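Just below is one structure, and these are the notes that go with it.
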Amino acid sequence: MAISLADSTPTPRPEWLQSVYRKYQTGEGHAFLLTGPGIHDVDASSYSLHANLYHIFGNQSISGKPSQLDFDIVVRYDRFSGFRFMGPPDKRIKDRETFKTLVEKQPAQQQNISIPSGGVIRGNAGGASAPKGDILDMSKAPAMAVGLFNEALQQNDVRLCIIFDEFQSLAPRGEWDSLGDMFTTFILALRNWGLDYENIGGHGRKFRGTKGGHILFGICDDKTEISTVLSKGRQQSGWLPINVGFPTIIERECYIREKVLTSEYISRVDIDFGAVVEKHEYSSWLAGATGGLTIRAIEDMRLTGDRHGSLTRDMVQKIINETISEQFAGQGGSDYLRVINPTLGLSDYGFPEYLVNYLEWFVRQFRAGKLRNSNILLSGPPGTGKSVLASSLAYELGYKCVHWNPALTQSKWVGDSEKQLQQVLDWVEANLPCMMFIDEIDVALTSRDGGSIDTSGVGSRMLSILMPWLESPQVKGKLFLVAATNRPDNIDAAMKRRLQTVIPMLPPIEWSDRYNVLLNILERERNIDAPYIEIPQDVVSDQMTKWYTHDNLSVLAEKAEAIASRKGEEFASDVAGFLTRAVQSYRVDTTRTEALSQLAASFASDLDLLPPGFQVKKQNEVKQLLKEVDDDNIGPSERSSR
């Protein structure tokens, strides 16, 4: 719901601004820490963050606005530019002079900083006296500025809206003893101002009958760069964290309709978003496709259409992928977040019928909102089609699907992994409803209960961010989560409870299943027409290919085609003969596949998710089988230490 200000604009206000408005109006706080991916973006009205703050808290010309939001002076401060005042030119000059009178009320030599026990900071920093001349020009350094702000905040005749830009440069994260007096003084001052609800926040006696106290904003791209003294929330510092996220779909659609796909633009640029998208649906389709993009990125998309004279679905997808690739470049240049664009569904890959039927039912239940928990864990050996199944599920859903690899999110720098995870979650949240596929969830998000070793603690910290987010009201019911693992026994117990549907992804167990998978591979990957395909039963018999995964069967088909190529013959001329020769020369050690299959089966959440007639081994037998396999894969020195 938009802020109820009578400014006659139909454009929706950004969600972060509405959140600040609500929290200030209800008295939750007066100090707000604004961080997130939208800090440098504009809103649907092309207002920057600072323009929005001034429009709501400094522009007194808006009729019908609550008087509580009318602040007399809006001042920005950062270490490079010092003090800057917002508003029309004449107001900026007037506000500057007014502010100078506030901070010059007492002699400079009396403005020495002291922090009484349980009291409020008084005076200037480190005993420094204000230099002669323009006190604001000469007090750019935080050591001088902190005293001026403190003096200004103690009065209640002039209401102040103070914006601290580059907040991390004033209150950086670091060891307390190594920060130095200038930073520690400013951090303590900010903390005291945040916690002073009576004298600064406007809840004290001196504010009775007035419009209220002052309001403070700290602005920073990344919350993890800010001193923990201030970033831990209202209870400890008085500063309320506000996420300035990506624009919502409502904001995007409004901007696209009013500023991008205007009737004039459509008349000169050829728009082609596909045959299924009608002209009147252009704005809504593009708004849905651009989740996780800033307004500035959408504007770049408009300019691209201008340059080429056309804007197509493929062009839009290319721009989105390039933007995401740039934003989520992981270790070694790998992208730890990718958009999946599936082209085939569940019935196109040769998955067993019992599994296809179950998942089609699951998708219908999710769409109808009848699932209490819609999170799925795919468990099984490598090569059994977990990633392919996730892609085909995205196709069935019709949602945007993102693939997150937490192993590529890991960083050697403290806090980087958590920062990258938060970026991923912000992006996913901006695209809801959508599907999220987490590959190898056990590798990086390691168990905290002994299943695997997390010496750095990064995995535990990432889990502590991910799990509450999954349960948050803005996500639950809108996110279709699919995770994949080879080792379900290594997943954190609390995370397992959130992945309630565990589907074992097993190799084709019966010869008929292997026949169907191989038939699908020959048609889809080797482009062999069905009439030319003949698969001997010996090739898919238990003796030859039992426990072969989908990947193994794909390699088998590839080798058969290679044999035909070496002989200078067409593979399609004798598929049965080349497959027979290939299966005799291509041998696979399936011991580990069998062990991991039994492990996956033992974790199945529903026996109906197992192949008909599949015999699940007892837990102690599975553990023994895994131990033998694991022992075969470690060296003598490791085995002795084990």
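A few remarks follow.
- Annotation note: trypsin sites (Lys or Arg not before Pro) in the range 360-397 located in DSSP loop regions with a Cβ neighbour count of at most 15 within 10 Å are Lys370, Arg372.
- The chain, accessible area per residue, ligands and nucleic acids excluded (1.4 Å, Å²): 46 Å²
- About the Cα centre, charge dipole magnitude for the chain (Lys/Arg +1, Asp/Glu -1 at Cβ), debye: 2360 debye
- Projected-area average for the chain over all orientations - Cα convex hull basis, square nanometres: 37.4 nm²
- Calculated FRET value between Ser325 and Thr184, using beta carbons and R₀ = 30 Å, to 0.05: 0.15
- Taking all protein chains as they are arranged and a probe of 1.4 Å, the heavy atoms of His280 leave approximately 150 Å² accessible to solvent.
- Computed accessible area, Val616, all protein chains, 1.4 angstrom probe, square angstrom: 60 Å²
- Heavy-atom accessible area with a 1.4 Å probe sorts Thr101, Thr312, largest first, into Thr101, Thr312.
- Selected from Pro508, Gly345, Leu311, residue furthest toward positive end of dipole (the chain; charges at beta carbon): Leu311
- Tail fraction, Cα-Cα pairs, the range 225-297, threshold 17 Å, whole percent: 57 percent
- In the range 508-625, the portion of solvent-accessible area held by carbon and sulfur atoms comes to 42 percent [1.4 Å probe, whole percent, DNA, RNA and ligands not counted].
- Available extension along the chain between Asp630 and Glu258 is 127.8 nm, counting 0.36 nm per residue and deducting the alpha carbon span.
- Protection proxy ranking of 432-442, 152-162 - average other beta-carbon atoms within 10 Å, highest first: 432-442, 152-162
- Using a probe of 1.4 Å, the accessible surface attributed to Val229 totals some 40 Å² when neighbouring protein chains are kept in position.
- For the range 181-275: rounded, prolate or oblate by the Cα gyration tensor [a/c cutoff 1.5]: prolate
- Global geometry of the range 19-82, whether rounded, prolate or oblate, following the gyration tensor of its Cα atoms and the 1.5 cut on a/c: rounded
- Pairs from Lys318/Lys476; Lys140/Lys211; Lys496/Lys623; Lys318/Lys386; Lys546/Lys617 whose Cα-Cα separation, in the structure shown, is over 23 Å: Lys318/Lys476; Lys140/Lys211; Lys318/Lys386
- For the range 583-630, a crude dipole built from +1 on the beta carbon of Lys and Arg and -1 on the beta carbon of Asp and Glu, taken about the Cα centre, is about 140 debye to the nearest 20.
- Fully extending the segment from Gln365 to Glu569, taken as 0.36 nm per residue of separation minus the present Cα-Cα distance, adds 68.4 nm.
- Positive end of the dipole of the chain (Cβ unit charges, origin at the Cα centre): among Tyr197, Ala51, Tyr21, the Cα lying farthest that way belongs to Tyr197.
- For the range 220-297, the list of GluC sites (Glu not before Pro) that fall in a loop by DSSP and count at most 12 other C-beta atoms within 10 angstrom reads Glu278.
- Long pairs among Lys370/Lys478; Lys223/Lys419; Lys23/Lys478, criterion Cα-Cα beyond 20 Å: Lys23/Lys478
- Within the accessible area of the range 143-257 (1.4 Å probe), percent carbon and sulfur: 46 percent
- Cα shape, the range 500-642, gyration tensor, a/c 1.5 rule: oblate
The values are calculated or read from the model by the stated rules, or taken from the named source; none is laboratory data. For clarity, every value in this text was computed on a predicted model and none was experimentally measured. Cβ: placed from backbone, ideal geometry, glycine included. Neighbour counts: every protein chain shown. Only protein heavy atoms, including side chains, enter the accessible area calculation; ligands, DNA and RNA are left aside. Shrake-Rupley method; radii C 1.70, N 1.55, O 1.52, S 1.80 Å.
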